[in-house]
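In what follows, a structure is listed as structure tokens, so that the remarks can point back to it.
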Amino acid sequence: CMGQVKGQLPIFSNGFAVLDVDNDGGVTWKTLSPTPSDKCEKTSEIGVLSKGLVVGIREYFARTKFSKAIIGLSGGIDSSVVAVLAQQALGAGNVLGIAMPSQYSSPDSLRDAEKLAKNLGIKFEVKPIKFLFSLISRELAERRGGLSEIALENLQSRLRGIILMTLANNYSALVLTTGNKSELATGYCTLYGDMVGALAPIGDVLKTRVYELARFLNSEFNSPIPENCLTRPPTAELKPGQTDQD
């Protein structure tokens, strides 16, 4: 039986099987639970990844004794994927999506975030940061002749982090960070901003694989992620005309 798969336990769930090896090296496999079957469960690589991420979220929340998750919904692909995974792991009633538009946010972004939340049946709130950004940037720029472009960009991300963490404390919830591995590897993220949170479900998933995952989740769960999220250029929307590939 060298090189042959004789049996397989369920992927990312409990199971029990008996494996008998006779004196001649012959192998007999019998799956006893959850269903008596000797057939291997055929799951694609992206399907295994999806199941693993859902189980990972669910088990992290169980170990830390939390039940509610908060996610910053930008209308982009990363936060959309994390929202679907969280909804599958924790249930729609335990997930709160927060959109935090700034003066640079496009109407499409807010519309896609709201549509995603509606498709998933999760709670959704809009907390604009325009007033906070204007007030704090003016206070900090005083006697400095203005703030640098990078300081202004990161300020927006950090304001969003403050909102998410404050609401998480208020609701006894955990923030799910939405950054992917490509962003983390290149430093395209903000300390104390979009990196805040208890768990980064797609922190080890490259951006290209995030798109694969989004398409798989849409095929499995009745297309919750708006098509616009998959087709428009990804952007942090921290300044006019900004796109991630730049």
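The values are calculated or read from the model by the stated rules, or taken from the named source; none is laboratory data. As the structure is a prediction and not an experimental result, all values here were calculated from the model. Because the Cβ atoms are built from the backbone with ideal geometry, glycine has one as well, and the counts that use them run over all protein chains shown. Just the protein is used for accessible areas: all its heavy atoms, side chains included, with ligands, DNA and RNA removed. Shrake-Rupley method; radii C 1.70, N 1.55, O 1.52, S 1.80 Å.
Counting only residues that are closer than 26 Å to Ala89 by Cβ and open to solvent by 80 Å² or more (accessible area, probe 1.4 Å), which one in the stretch 1-34 is modelled with the lowest pLDDT?
Step by step, filter the stretch 1-34, then rank; the result is Pro34.
Restricting to the stretch 199-231, give me the number of residues that are surrounded by fewer than 17 Cβ atoms within 10 Å (Cβ to Cβ) and among the aliphatic types (A, V, I, L, M).
Residues that pass the stated criteria total 2.
Residues of the stretch 141-179 being open to solvent by 60 Å² or more (accessible area, probe 1.4 Å), of a type in the set (A, V, I, L, M, F, W, C) and free of Cβ contacts under 8 Å to residues at least 12 places away in the same chain, which ones?
The answer is Ile150, Ile162.
Please identify the pairs in which a residue from the stretch 43-66 that is under 12 Å from Ala86 (Cβ atoms) and without any contact (Cβ under 8 Å) to a residue 60 or more places away in the chain has its Cβ atom under 8 Å from the Cβ atom of a residue that is assigned to a helix (DSSP H, G or I) and open to solvent by 20 Å² or more (accessible area, probe 1.4 Å), counting only partners at least 6 apart or on another chain.
Here the result reads Val54/Gln88; Arg58/Leu90, each pair linking the stretch 43-66 to a residue that is assigned to a helix (DSSP H, G or I) and open to solvent by 20 Å² or more (accessible area, probe 1.4 Å).
Within the group Ile122, Ile98, Ile129, Ile77, which residue is buried (at least 17 other Cβ atoms within 10 Å of the Cβ), touching a residue at least 12 places away in the same chain (Cβ under 8 Å), within 23 Å of Leu206 (Cα to Cα) and among the β-branched types (Val, Ile, Thr)?
When all the criteria are applied, what remains is Ile77.
So which of Ala62, Ala86, Ala92 ends up being surrounded by 24 or more Cβ atoms within 10 Å (Cβ to Cβ) and of a type outside the set (Val, Ile, Thr)?
So the residue among Ala62, Ala86, Ala92 that is surrounded by 24 or more Cβ atoms within 10 Å (Cβ to Cβ) and of a type outside the set (Val, Ile, Thr) is Ala86.
Can you tell which of Gly197, Gly187 is at positive phi and touching a strand residue (DSSP E or B) at 6+ places or on another chain (Cβ under 6 Å)?
Gly197
So the check is Cβ under 8 Å with 6+ separation or different chains; which pairs have a first residue in the stretch 210-223 that's within 17 Å of Glu183 (Cβ to Cβ) and in contact (Cβ under 8 Å) with a residue 24 or more places away in the chain and a second one that's in a helix (DSSP H, G or I) and not aliphatic (A, V, I, L, M)?
Final answer for the pair search is Val210/Asp78; Leu213/Ser50; Ala214/Ser80; Ala214/Cys229.
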